[in-house]
1. Could you calculate the FRET efficiency of residue 22 with residue 164 from 1/(1 + (r/R0)^6), where r is the beta carbon distance between them and R0 is 45 Å, rounded to 0.05?
2. Could you calculate the FRET efficiency of residue 174 with residue 56 from 1/(1 + (r/R0)^6), where r is the beta carbon distance between them and R0 is 45 Å, rounded to 0.05?
3. Assuming a ≥ b ≥ c are the square roots of the Cα gyration tensor eigenvalues, decide whether region 135-190 counts as rounded (a/c under 1.5), prolate (otherwise, with a/b larger than b/c) or oblate.
4. So what is the 222 nm mean residue ellipticity for the chain from helices alone, if each DSSP H run of at least 4 adds -39500 (n - 2.57) and you divide by all residues, rounding to the nearest 500 deg cm²/dmol?
5. With both partners inside region 3-188, how many of the DSSP beta bridges are antiparallel, as a percent to the nearest 5?
6. What list do you get for 22, 63 if you sort them by fewest beta carbons within 10 Å?
7. With a ≥ b ≥ c the root eigenvalues of the C-alpha gyration tensor of the chain, is it rounded (a/c under 1.5), prolate (a/b larger than b/c) or oblate?
8. Among 15, 34, which comes first, second and so on when ranked by fewest other beta-carbon atoms within 10 Å?
């Protein structure tokens, strides 16, 4: 496990053990959904889980790749639900990447229903996700740490949209109750 694993509480080995148990009991590829506010550590957690997966077998689907711009949290959430619903039916799910630099949709991608999957992003944990994912993680971090992380990776462009993005996420949380669907809450400690 990476040295960054100590950043999260509970420890990543607890989450991994839970995933391993589910995989051995169900016989189907495990689906993990990771949601939480911007800058809370979702992408880092997804990366750490993917790296720890045996033979790096898990695919990762980042909602950042599908949000159609800064006002697109709801659309990204709907695409995530579509991917998860198709996967739960044993069908490949197709999604189109959004090119943020060009401001338009780009190439199509496919999610293999036979491969373990980690879905991460703001708006990923919905009622549909709850019915399709065996592991549903809600990630939290202090507001000042979240903002520092998010603006540190997003530059001036994210800074200009921070308030709007947080407003969309607040509305999503009020409407979809993602915390209520979580099987575990993970807290970033730094």
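1. Working: r = 37 Å, r/R0 = 0.82.
Calculated transfer efficiency: 0.75.
2. Numbers: r = 37 Å, r/R0 = 0.82.
In this case the efficiency is close to 0.75.
3. Working: a/c = 2.88, a/b = 1.43, b/c = 2.02.
Note, shape of region 135-190 comes out oblate.
4. Details: 6 runs with 86 residues, N = 190.
Counting only the DSSP helices, I get -14500 deg cm²/dmol.
5. Working: 8 of 24 bridges.
Counting only bridges with both partners in region 3-188, antiparallel ones make up about 35 percent.
6. Values: 22 16, 63 25.
So the residues, fewest neighbours to most, are 22, 63.
7. On the way: a/c = 1.59, a/b = 1.17, b/c = 1.36.
Since a/c reaches 1.5 but b/c is at least a/b, the shape of the chain is classed as oblate.
8. On the way: 15 23, 34 30.
Ascending Cβ contact count within 10 Å gives the list 15, 34.
Every number here is computed from the coordinates shown, using simple stated rules; none is lab data. Remember, it's a predicted structure, so these values are computed and weren't measured experimentally. We place every Cβ from the backbone using ideal geometry, glycine too, and count neighbours over all the protein chains shown.
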